[in-house]
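Chemist: Please read through the structure below; I'll follow up with questions.
Derivation of every value follows stated rules applied to the coordinates shown; laboratory data play no part. No experiment lies behind these values; they were computed from the predicted model shown. Quick reminder, even Gly has a Cβ in these numbers, built from the backbone with ideal geometry, and neighbours come from all protein chains shown.
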Amino acid sequence: MQMRQATSAEDKVLSWSELNNQKTRFKSQPELFQYLQANHLFFVQNKPAEALKYLPEHSSNSTNSYLQLSQILLKGRILEKLGQTQNAQQYWENWLDRAKTIEQRGLFELMLYPHYAQQQNASAFISADAKIKQASLQKSFIENEANEKSLMHIIQTKTSSTDQKNLALYKALQKSLIHQNYKLFNQGFVLLPQDAAKYKYDSETYTNYKNQPPFSDFIWTGTKITAQIQCPDLFNLTQKLENSPQDLKLQLCLGEYARSPQGYNITYVTALEKETARFQGTIFTRGQVYKDIIKSSSIPDLKAYALYRSIMCYSPSGMNDCQDAEVAKSTRKQWFDQMKQDYPNTSWAQSLKYYW
């Protein structure tokens, strides 16, 4: 415990001399003591190359004790720390082939997971001879790591289960919308089950779909903002966006979808997607759409609504929930004043009392 990284002033970190002073206590277990020394060099002193010298070579039968398994695990972590990525992967694969128990196999699969995920090796997760057999790791790859190519491979390959195909389809649709890859979204949309609207969490009939993703997220019937600004259902909207991705009115409608109950999950995942670069395409943020309309549109209804929505992004907490870059309160006041001055007769201007 005293070799863990200190998180507070009260945490004590064992020194190298304090550890070596205990050597006599391990007279009957010298290999265990060397393992503790290797741990100290690796975790406390950040000297992975030196730590390697304290670990023995292991034969194919060297997984009979927890100490041997711990030594094997530490050595693999040292190889990764030293930047020997290819050697580390081969090392884990060799031990995976030698695993004697489900627990050992699970451990080596876990260590291989980031290697295969980085390579987008979908076959390592989904195939007849998949290296990664743990369902939780397979699901994690589909949900968090897979890019467009990997997701479509999982959707189309015969070796994927129905559950895996459905999850891959859901993530492909979700992330393609976030990254404005409308072509991919439209390709995936036609693969939805006919009763996709029933795949939702709040339905009384959801017990039939309790292990399936909420495909109902993509069944949005559109909305009417004004007589001049009417939004079609999601599939018609994305078909139009595929042909005219820069159309601000269409982008505004996608923002309306993101605001809807069906679009809630899209909004949540957008923040996570900003931290990764696995999908291609610029991330959609409705806040940026409003700014673009304010800057370039001359259509009164469109501009008035964009001003209103830009301000409402900060309601009621003062924190931006529209995923775009924050603006100062002074900018929000300018939007507020512009709306009151230029569009005083709109219901939006009349209802707006604050700029947060």
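Chemist: Using only Cα atoms, locate the centre of segment 1-22 and the centre of segment 239-310, then give the distance between them in Å, rounded to an integer.
Modeler: Comparing the Cα centres of segment 1-22 and segment 239-310, I get a distance of 51 Å.
Chemist: Taking 8 Å as the Cα distance limit and 6 or more residues as the minimum spacing, I'd like the relative contact order of segment 22-156 as a percentage.
Modeler: Relative contact order, segment 22-156: 14 percent.
Chemist: Could you tell me what a quarter of the Cα convex hull surface of segment 218-312 works out to, in nm² with one decimal place?
Modeler: Answer in nm², one decimal: 6.4.
Chemist: Another question, then. Let me see the P(r) profile for segment 271-320: every Cα-Cα distance counted, bins of 10 Å, each bin given as a percent of all pairs.
Modeler: Calculated over all Cα pairs of segment 271-320, the distribution is 24, 39, 29, 9 percent.
Chemist: I've got another one for you. Restricting attention to the alpha-carbon atoms of segment 9-83, what are Rg (one decimal) and Dmax (integer), both in Å?
Modeler: According to the Cα coordinates of segment 9-83, Rg and Dmax are 13.1, 44 Å.
Chemist: In percent, how large is the relative contact order of segment 275-356, given Cα pairs closer than 8 Å and 6 or more residues apart?
Modeler: That works out to 32 percent.
Chemist: Also, quick follow-up: Wrap a convex hull around the Cα atoms of segment 89-139, take a quarter of its surface area, and give that in square nanometres.
Modeler: Mean projected area for segment 89-139: 3.2 nm², to one decimal.
Chemist: Where the Cα atoms of segment 56-129 are projected onto their three principal axes, how long is each span, largest first, in whole Å?
Modeler: Reported extents, whole Å, longest axis first: 33, 29, 15.
Chemist: Evaluate the Debye formula for the chain with equal point scatterers sitting on the alpha carbons, no solvent, and hand back log10 of I(q)/I(0) at q = 0.07, 0.15 Å⁻¹, in q order, two decimals.
Modeler: Results for the chain at q = 0.07, 0.15 Å⁻¹ read -0.49, -1.18.
Chemist: How much of the calculated P(r) for segment 1-155 lies past 19 Å, in percent of all Cα pairs?
Modeler: 62 percent
Chemist: Treat segment 130-252 as a sphere of radius equal to its Kirkwood radius over Cα pairs and apply Stokes-Einstein at 4 °C in a medium of 1.567 mPa s; give the translational diffusion coefficient in µm²/s, rounded to a whole number.
Modeler: 82 µm²/s
Chemist: Further, regarding this structure: Which residue, Ala306, Ala122, Ala168, tops the fluctuation ranking in a GNM of the chain built on C-alpha contacts under 10 Å?
Modeler: Ala306
Chemist: Something else: Of the trypsin sites (Lys or Arg not before Pro) in segment 248-356, which ones lie in a loop per DSSP and count no more than 13 other C-beta atoms within 10 Å?
Modeler: Answer in residue order: Lys274, Lys353.
Chemist: Can you give me the three principal axis dimensions of segment 253-356 from its C-alpha atoms, in Å, biggest first?
Modeler: So the three principal-axis extents are 45, 28, 24 Å.
Chemist: Nearest 500 deg cm²/dmol is fine: what mean residue ellipticity at 222 nm does the chain get from its DSSP H runs of n ≥ 4 alone, each adding -39,500 (n - 2.57), divided by its residue count?
Modeler: Calculated at 222 nm, the ellipticity per residue is -15500 deg cm²/dmol.
Chemist: Pick from Glu109, Glu50, Glu148: which is most flexible by mean-square fluctuation in a GNM of the chain where alpha carbon atoms under 10 Å apart are linked?
Modeler: Glu50
Chemist: Apply the Karplus curve 6.51 cos²θ - 1.76 cosθ + 1.60, θ = phi - 60°, to the phi angles in segment 132-143 and return the couplings in whole Hz, x for Gly and Pro.
Modeler: The phi angles translate into 8, 9, 5, 4, 5, 6, 4, 5, 4, 4, 4, 6 Hz.
Chemist: Can you tell which of Leu67, Leu250, Leu192 shows the greatest fluctuation in a Gaussian network model of the chain with Cα springs below 10 Å?
Modeler: Leu67
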